[in-house]
There are 2 protein chains.
Amino acid sequence: MRTVAFLGLGIMGAPMAVNLLRAGFDVVGYNRSRAKVDAFVAAGGRGADSIAEAVAGADVVVTMLPDSPDVRDVMFADDGVLAHTAAGALLVDCSTIRPDVAREVAESSAARGVRALDAPVSGGEQGAIDGKLSIMVGGADADFAAARPVLDAMGTTVVHVGPAGSGQTVKAANQLIVAGNIQLVAEAVVFLEAHGVDTDSAVRVLGGGLAGSKVLEVKGAGMTGRTFTPGFRAELHHKDLGILTSAARDAGTATPLGAVVAQLMGALVAQGHGELDHSALIKLVEQLSAPPSADTP
Amino acid sequence: MRTVAFLGLGIMGAPMAVNLLRAGFDVVGYNRSRAKVDAFVAAGGRGADSIAEAVAGADVVVTMLPDSPDVRDVMFADDGVLAHTAAGALLVDCSTIRPDVAREVAESSAARGVRALDAPVSGGEQGAIDGKLSIMVGGADADFAAARPVLDAMGTTVVHVGPAGSGQTVKAANQLIVAGNIQLVAEAVVFLEAHGVDTDSAVRVLGGGLAGSKVLEVKGAGMTGRTFTPGFRAELHHKDLGILTSAARDAGTATPLGAVVAQLMGALVAQGHGELDHSALIKLVEQLSAPPSADTP
């Protein structure tokens, strides 16, 4: 488990690959745009010109790609991962994709003697840079154990949550809770503003009780002050809530708040705000509400 | 500010009054049922047989009552607080009531030369016993400063959030966020169960990232294990979401997730589960969903 192929050197993938280098792995990086490969080589890694070249001789193949179709392409194409990875190697897909696609990857891999884990991450660019991601892992016990050194080089909360696809299922639940918590803070802030309440004081006292959350802590001040620099882009969260909606339908489970916030996130993106931080959900609550009170209610 | 009348010696009020005794205040307790007064006297307090007797000579009158009509009765009746409290005294209403009733109390008090603060609390029975409540205070700066020693004897996060009624407005926002966070965890847990995911591991990894919250920390295990011992009773949270709904209508603000969870909490109470902890919201999500998967999805 010394040689790692890393496919997808984007905002998240590049610092994750660098952390693997720092942990002593021999890392071969590949990305469709050659400039990102060059940057990785400059950071001390090895570069490849194709997926086939990257995965040849790799013990572990880590993928960090935008969406389900990208993962299917990279895995299943004639010039893709499964066509060129050696039997016995281990695939670790850190992309956030549909659980059913993750299971399809696991099954196709098994048919070729390749082991696979779905291992989506939470923690954002800063978490990736700091090697402090949360990683939710689906797959077999033995494969999780084998991947542990690679995962520990990228994250601090690394948890095996169940069989293939489970990591993606937990990530979908994560994105449900995060979107909902943001929307609830948005509703609370607009409500308090309309009543003329000092929202910075309110956020402080709300954070001290049962209403406290990581979202309130990390996003509260940005939301009261209306600064929406990402962070995490609304358009990506919109994609993730599509995964949640689809996976909840598949399982026959109701997500009443999830359904509402998925529509609101979609509306935010449709209004042209997909590039803003997901906390820009507060813009929709404002649109639906009276303007803030300037004086005592 | 040495003599305090304490009206309402219930589950929350009794330990709050005892903490005032411990802080060195001379506390006269009153409750409609004499047994609770006797218990307070046994704990070292003084007892009164009427509101008039309790508030005579009090520098501060603290009230801790179930709902808005109770507060109006106790404040405005002929034998109530305002008829018998000396000018210059300070009312501190710790009940959770409608912001407009809190403002009515403040205005009627001012007309009689009595100062008033709304000061609802968060933290539950244990927080009341430990003197570690969060207290959200609405009213004038000088009155907040004067009440500080009394408030500090009962809570640790004591924040002045604005003019009269603001404490209740922030408490309504608190109850919106808490109910919503519980419902989101309920949706996530049922979704994960249906997909055959190990929910205890999932709760652990969710808590480590942006989905982390006080609700997940305090209620997560009870919800995966389906234990609904209060805690905070659903019927009280239902009352509080009525206050939120009404106050949001008054201000003309939209609370899309708040509206949904208010209906769900109402349904839970209507089904006869008002005595359960508010985390029993997960029972409704179960009713709307397929049963949990026993095996790999």
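Annotation: for a label point projected 7 angstrom from Cα along Cα→Cβ of B:Arg204, residues of the range B:219-243 with backbone N closer than 18 Å are B:219-225.
In a shell of Cβ-Cβ distance under 13 Å around B:Val203, excluding B:Val203 itself, what net charge do Lys and Arg (+1) and Asp and Glu (-1) give? Within the 13 Å Cβ shell, the charges total -2.
For the segment B:284-291, counting C-beta atoms of other chains within 10 Å of every residue's C-beta and taking the mean gives 3.
With a cut-off of 13 Å between beta carbons, the residues surrounding A:Asp100 carry a summed charge of 0, where Lys and Arg count +1 and Asp and Glu -1. Taking every residue in B:211-222 and counting other chain Cβ atoms within 10 Å of its Cβ, the average works out to 5.
Ranked from shortest, the separations from the 7 Å Cα-to-Cβ label point of B:Ala267 to its equivalents in the other copies are 2.1 nm. Label-point spacing for B:Ala145 across the identical copies (point 7 Å from Cα in the Cβ direction), in nm and ascending order: 6.7. Annotation: for a label point projected 7 angstrom from Cα along Cα→Cβ of B:Val41, residues of the range B:1-29 with backbone N closer than 14 Å are B:28-29. Extending 7 Å from Cα along the Cβ direction at A:Ala145 and again at A:Glu217 yields two label points whose distance is 3.4 nm. Averaged over peptide A:159-169, the number of partner chain Cβ atoms lying within 10 Å of each residue's Cβ comes to 6.
With respect to the cross-link table entries B:Lys171/B:Lys219; A:Lys171/A:Lys219; A:Lys214/A:Lys283; A:Lys36/A:Lys219, which display a Cα-Cα separation exceeding 22 Å? Flagged as over cut-off: A:Lys36/A:Lys219. Given +1 at the Cβ of Lys and Arg, -1 at the Cβ of Asp and Glu and no other charges, the dipole of the range B:3-163 around its Cα centre is 260 debye to the nearest 20. Restricting attention to chain A, close to 15% of DSSP beta bridges with both partner residues there are antiparallel. Structure remark: mean-square fluctuation, Gaussian network model of chain B, C-alpha springs under 10 Å; the largest value among B:Ala251, B:Ala147, B:Ala267 belongs to B:Ala251. Once the 1.4 Å probe is applied to the protein heavy atoms, the protein assembly as shown comes out at 36 Å² accessible per residue.
Legend: helices of chain A (whole DSSP H runs) are marked when their alpha-carbon atoms reach 20 angstrom or more along the helix axis and their mean Kyte-Doolittle hydropathy is at least 0.0; marked are A:166-194.
Burial of accessible area (probe 1.4 Å, heavy atoms of protein chains only) in the range B:93-122, relative to its chain alone, reaches at least 10 Å² for B:Arg103, B:Ser122.
Comment: the Cα-to-Cβ extended label point of B:Gly252, at 7 Å, lies 4.7 nm from its counterparts in the other copies, nearest first.
Computed from the C-beta positions of A:Ser50 and B:Ala290 and an R0 of 30 Å, the FRET efficiency is 0.10 to the nearest 0.05.
Chain B has one residue whose beta-carbon comes closest to the axis relating it to chain A; that residue and its distance in whole Å are B:Ser213, 2. Solvent-accessible area assigned to carbon and sulfur over chain B amounts to 52 percent, based on a 1.4 Å probe.
Summing both sides, the accessible surface hidden between A and B at a 1.4 Å probe radius is close to 5700 Å². Note on the range A:139-158 and the range A:219-283: Cα centroid distance 29 Å, given to the nearest whole angstrom. For B:Arg148, the shell of other residues with beta-carbons less than 15 Å away shows a net charge of -2, using +1 for Lys and Arg and -1 for Asp and Glu. Applying 1/(1 + (r/R0)^6) with R0 = 30 Å to the Cβ-Cβ distance of A:Arg226 and A:Asp73 gives a FRET efficiency near 0.20.
The values are calculated or read from the model by the stated rules, or taken from the named source; none is laboratory data. If you're wondering where the values come from, they're calculated on a predicted model, not measured in any experiment. Note that we place each Cβ from the backbone using ideal geometry, even for glycine, and neighbour counts take in every protein chain shown. Only protein heavy atoms, including side chains, enter the accessible area calculation; ligands, DNA and RNA are left aside. Shrake-Rupley method; radii C 1.70, N 1.55, O 1.52, S 1.80 Å.
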